[in-house]
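Below: one structure, written as structure tokens.
The values are calculated or read from the model by the stated rules, or taken from the named source; none is laboratory data. Quick caveat: nothing in here was measured; it's all calculated off a predicted structure. Glycine also receives a Cβ, built like all others from the backbone with ideal geometry; neighbour counts cover every protein chain displayed.
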Amino acid sequence: MRRHRVAYLPGDGIGPEVCDVARRVVDAAGERFGFVVTWDEQRIGGEAIDAHGNPLPAATLDACRSADAVLLGAVGGPKWDDPSASVRPEDALLGLRSELELFANLRPVRAHDALADASPLRPEIRAGADILILRELTGGLYFGRPQGRSTEDGVERVVDTLAYTRPEIERIVELGFELAEERRGHLTSVDKANVLASSRLWREVVNELAPRHPAVSVEHALVDATAYLILAQPAHYDVIVTENLFGDILSDEAAAIAGSLGLMASASLGTRSTDAGRFGLYEPVHGSAPSIAGQGIANPLATVASTAMLLRWSLGETDAADAVDAAVDAAIEDGPRTGDLGGPDGSEAVAGFLLGRIGAAMEIPA
Ligand code: IPM
Ligand code: MG
């Protein structure tokens, strides 16, 4: 029996509800495919501020360090939104990213035909879109220093710094090429090279690495044009690799292609190797959605789809990952629909459907 250890950080808002469904799905897949996951539950975000005065307690970070992967729900909510507060739930996300060196954020977006009505895009525009946004996650404006506020000669001043080192750019761009090789062989590198020095180095690195990946066709694109084209011709894209803030913005925008933020899964991969793959943190993109928390109506599919990536990338459980992906696809095709997709169903109906699919797979001899 294979054993894996996953740090389990449900967090705030709808985090606990969607994580609970995802955990049950993984446990069911484990029974089917012969592995056991030990879930090490820890506090994070607002609930950790309430309990310990710290959104990312040392015990939480330790649990992540000794695990093969991390499953995270969401952090934040109105209770902790005071702009003058000295600690904020979101600090935990940035802390995890830098402490665990989670430099590569994968956000897949697909246009399922069954969700044509949920997307604001016309069906013929979104048809066939299948994009992997690869966002650099530990550099750029999020972490550059100096950062902050000061007053000089009575005038208030603020500064943020967009900084990258060449190795930081190389490792994310290299991964972009590798992912494109495994997919349809097209890489779009998104930058703002007509204005930013960081983007000019980024372009240089892409051009230097390209000859090592002859099977990949590369294009450079400016971020403002891409913000338009990703909605005007989404089917054009395969892998998009870009810096931290550009990726943050484009990935939320791209959720409109799928039809709901409630479907957007993510993987944040680190540098450390696990027994069967690469250490990473997996979370839905949607956040804590406080207005619907505790009502049992949240869509758990983004979290479940995130655990499929967890199984694949960090635990090396490829068959289980395929089964979970297939169950999520089936749920999207003809399963229960939660409110974000215009349906009347609750999270538990979705859970029942997914568990039924994994269980049905169980009856077919492996
Ligand atoms: C995301 C979120 C975070 C980010 C926030 C909550 C800090 O928007 O994961 O995309 O900006 O990275
Ligand atoms: Mg974001």
Checklist outcome for this item: Among (1) surrounded by fewer than 18 Cβ atoms within 10 Å (Cβ to Cβ); (2) out of contact with any Pro (no Cβ under 9 Å at 6 or more places or on another chain), Val70 falls short only on (1)
Checklist entry - Yes or no: Asp325 within 19 Å of Phe33 (Cα to Cα) and more than 20 Å from the chain's Cα centre (by Cα)? => result no
Item to check | Residues of region 57-80 classified as more than 13 Å from ligand 1 (Cβ to nearest atom) and either aromatic (Phe, Trp, Tyr) or in a loop (DSSP other than H, G, I, E, B) (or both), total | outcome: 4
Next on the checklist: Looking at Pro120, Pro146, Pro83 in this structure, which one is part of a strand (DSSP E or B) and either away from ligand 2 (no atom under 16 Å from the Cβ) or touching a residue at least 12 places away in the same chain (Cβ under 8 Å) (or both)?
Outcome noted: Pro146
Item to check | So Asp91, is it on the phi < 0 side of the Ramachandran plot and part of a loop (DSSP other than H, G, I, E, B) | outcome: no
Item to check | Every pair of residues 6+ apart whose Cβ atoms lie under 6 Å, when the first sits in region 156-174 and is in contact (Cβ under 8 Å) with a residue 24 or more places away in the chain and under 13 Å from Thr138 (Cα atoms) while the second is surrounded by 18 or more Cβ atoms within 10 Å (Cβ to Cβ) and among the small types (Gly, Ala, Ser) | outcome: Leu162/Gly140; Leu162/Ser198; Tyr164/Gly139; Tyr164/Ser198; Glu168/Gly139; Ile172/Ala104
Next on the checklist: Considering only region 42-64, I want to know if a residue exists there that is in contact (Cβ under 8 Å) with a residue 12 or more places away in the chain and within 16 Å of ligand 2 (Cβ to nearest atom).
Outcome noted: yes
Checklist entry - Do we find a residue being more than 29 Å from Glu317 (Cα to Cα) and within 19 Å of the chain's Cα centre (by Cα) anywhere in region 190-206? => result yes
Next on the checklist: Take Ala114 and tell me if it is touching a helix residue (DSSP H, G or I) at 6+ places or on another chain (Cβ under 7 Å), of a type outside the set (Lys, Arg), part of a helix (DSSP H, G or I) and farther than 23 Å from Asp238 by Cα.
Outcome noted: no
Next on the checklist: I'm trying to understand the selection: among the residues of region 201-230, which are farther than 19 Å from Asn105 by Cα, in a helix (DSSP H, G or I) and among the small types (Gly, Ala, Ser)?
Outcome noted: Ala210, Ala225
Checklist entry - Of Ala51, Ala85, Ala74, which residue is more than 23 Å from Asn105 (Cα to Cα) and modelled with pLDDT of 95 or more? => result Ala51
Next on the checklist: Quick test for you: out of Val239, Val190, Val223, pick the one residue that is more than 16 Å from ligand 2 (Cβ to nearest atom) and β-branched (Val, Ile, Thr).
Outcome noted: Val239
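Results for (1) within 16 Å of ligand 2 (Cβ to nearest atom); (2) surrounded by 15 or more Cβ atoms within 10 Å (Cβ to Cβ), shown as yes or no for each residue.
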| residue | (1), (2) |
| --- | --- |
| His112 | no, yes |
| Ala127 | no, no |
| Leu132 | no, yes |
| Leu137 | yes, yes |
| Val158 | no, no |
| Gly176 | no, yes |
Checklist entry - If you go through region 231-267 one residue at a time, how many are in a helix (DSSP H, G or I) and more than 16 Å from ligand 1 (Cβ to nearest atom)? => result 6
Item to check | Scan of region 289-315 for residues that are of a type in the set (S, T, N, Q), more than 16 Å from ligand 1 (Cβ to nearest atom) and surrounded by 21 or more Cβ atoms within 10 Å (Cβ to Cβ), ordered by number | outcome: Asn299, Thr307, Ser314
Item to check | Pick from region 268-288, criterion in a strand (DSSP E or B) and out of contact with any Phe, Trp or Tyr (no Cβ under 8 Å at 6 or more places or on another chain), ranking: surrounded by the most Cβ atoms within 10 Å (Cβ to Cβ) | outcome: Pro284
Checklist outcome for this item: Scanning region 228-260 residue by residue, the ones that are in contact with a His (Cβ under 9 Å, 6 or more places away or on another chain) and surrounded by fewer than 18 Cβ atoms within 10 Å (Cβ to Cβ) total 2
